[in-house]
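Asker: First, the structure itself, so that you have it in front of you.
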Amino acid sequence: MRLWTIGCFSCLVCLLAGCGNVEQPFKSDAADKTFPVLKLETEVSSASSKKEAVPKASTAKQPPKPLLSAEEIADGWIQLFDGESLFGWKANSDVNWSVADGVITADKGTKPGLLLTAVPFADYELRCDFWMAKGGNSGVFLRTPFVPTDPGVDCYELNICDTHPQGFNTASIVKRQKPAKEVSGEEAWKTFVVRAEGPRVVVKLDGEEVLDFTDKTDKPLTSGFIGLQMNSGLVKFRNLFLRPLGGKDLFNGKDLSGWREVAGSKSKFEVTDGAIHVSNGQGYLESEATFANFVLQAQVKTNGDALNSGIFFRGLPGKEGAYPGYEFQIQNGIKNGDRFQPADFGTGAIFRRQAARFVVSNDREWTTLTLVAHGPTFATWVNGIPITVWTDERKPHATGNAREGLRLEGGHFSLQGHDPTTNLDFKNIRAVELP
């Protein structure tokens, strides 16, 4: 199983370093308001009190179903769009972005604008379906600041327009390179597959390679948001998937090289069947490497009911009895049988800061986790589905510990043993520092 292919990655609407943009903290109350909690009910026949309760047809809203296959999820693919909402996206204008039937749509605004991802990306493979009305003008912006001003300088604009005034029509990188042959982007669903790796961007349209561009300027772009554009006319997008490229394996599958137990840990850490097995009482296994802005992907399996664990990040060097930093929560328990009611913040939460909007993972099954940390903003995915976006607006604490306040400096990853019931496995742990 491979989480990422070799390359260099920087990662998913908030904030971006470089490219001359102003940081845009991402604020979301979607976990509280977007998905109302609806409880299951039963009804009893009034004709006889002896009849068993008959379950009513459930009207409870269910979490979005994965749009990726199990193999794709295990290979590190994530959904930028959950198919039901604009969670994890932010517009930079008043364009009327909306969602219906698994499609993002827009057709008007007082001026052109972008719908942008919550966090930036650097090296990745991107799949995207699009549909544009005849005579329309749209595009997919790569490595863009929140408000780009010149596509020839501060972003890579993959155009969707068959009538561009300067001839940079569909599948062009505007002001930079035209496609190998003329193609159309109008009045039919079409698919872009983009591989952005270092200064090179390769584009396929409906399976055929149409552009191979290498930025040979003295300032090639290294990271930025992904943006969907409405310039003029009706445009639609669906099936927006991304796989980060590059990174460093933090666990070799054989031994605990690159990790160390925090002094005083009661947990037992051992390598079993190619995974780090964690059992027994409270404790931490800490990475020797440190990361500040990064993308982390890992797989975890909880071998019991509603077990509690987590991956701490930007952590101070561990010491007995201390919580080292921010915590990417692992806890699959739910209340009242409702996945919209996490029992303890929920898998994918930033513990004590932002609850998971729902729980999509199950105990005793391998679960793929993705975390992007960039500046004060964090975005998480569980089994490819976007779960949490949170921006830390606290002031830094005198201790430098993210448990107590904002921390932007780099720190360790720590795998947590929570209590005597701890029984988990971790594998395929991979991370890359963002530019």
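Asker: For segment 165-176, enumerate the residues that are hydrophobic (A, V, I, L, M, F, W, C) and either assigned to a loop (DSSP other than H, G, I, E, B) or not assigned by TED's automatic domain parsing to the domain that holds Val153 (or both).
Answerer: If we filter segment 165-176 for residues that are hydrophobic (A, V, I, L, M, F, W, C), which is where we start, we get 168, 171, 173-174.
If the condition is that a residue be hydrophobic (A, V, I, L, M, F, W, C) and either assigned to a loop (DSSP other than H, G, I, E, B) or not assigned by TED's automatic domain parsing to the domain that holds Val153 (or both), then Phe168, Ala171, Val174 are the ones that fit.
Asker: For segment 253-294, which positions are under 15 Å from Gly325 (Cα atoms), part of a strand (DSSP E or B) and polar (S, T, N, Q)?
Answerer: Of everything in segment 253-294, those that are under 15 Å from Gly325 (Cα atoms), part of a strand (DSSP E or B) and polar (S, T, N, Q) turn out to be Ser287, Thr290.
Asker: Among (1) in contact with a helix residue (DSSP H, G or I) (Cβ under 8 Å, 6 or more places away or on another chain); (2) at pLDDT below 95, which single condition is Phe241 missing?
Answerer: Phe241 satisfies all of (1) in contact with a helix residue (DSSP H, G or I) (Cβ under 8 Å, 6 or more places away or on another chain); (2) at pLDDT below 95 except (2).
Asker: Quick check on this structure: which one of Arg407, Arg364 is among the charged types (D, E, K, R), modelled with pLDDT of 95 or more and closer than 22 Å to Pro317 by Cβ?
Answerer: So the residue among Arg407, Arg364 that is among the charged types (D, E, K, R), modelled with pLDDT of 95 or more and closer than 22 Å to Pro317 by Cβ is Arg407.
Asker: Looking at Pro148, Pro179, which one is assigned to a loop (DSSP other than H, G, I, E, B) and in contact with a Cys (Cβ under 8 Å, 6 or more places away or on another chain)?
Answerer: Working: Pro179 fails: in contact with a Cys (Cβ under 8 Å, 6 or more places away or on another chain).
The unique qualifying residue is Pro148.
Asker: Follow-up. Does Thr302 satisfy being among the polar types (S, T, N, Q) and under 27 Å from Phe121 (Cα atoms)?
Answerer: no
Asker: Let me ask something else about it. Select from segment 384-412 the residues that are basic (Lys, Arg) and closer than 17 Å to Tyr323 by Cα and write down the one among them that is surrounded by the fewest Cβ atoms within 10 Å (Cβ to Cβ).
Answerer: If we take residues in segment 384-412 being basic (Lys, Arg) and closer than 17 Å to Tyr323 by Cα, then Arg403 is surrounded by the fewest Cβ atoms within 10 Å (Cβ to Cβ).
Asker: Looking at this structure, is His374 surrounded by 16 or more Cβ atoms within 10 Å (Cβ to Cβ) and over 17 Å from Arg339 (Cα atoms)?
Answerer: Against the criterion (surrounded by 16 or more Cβ atoms within 10 Å (Cβ to Cβ) and over 17 Å from Arg339 (Cα atoms)), His374 qualifies.
Asker: Within segment 205-231, can you find the residues that are buried (at least 17 other Cβ atoms within 10 Å of the Cβ) and not in a loop (DSSP other than H, G, I, E, B)?
Answerer: Leu205, Val210, Leu211, Phe213, Gly224, Phe225, Ile226, Gly227, Leu228, Gln229, Met230, Asn231
The values are calculated or read from the model by the stated rules, or taken from the named source; none is laboratory data. A quick note: this is a predicted structure, and the numbers were derived from the prediction, not measured. Cβ: placed from backbone, ideal geometry, glycine included. Neighbour counts: every protein chain shown.
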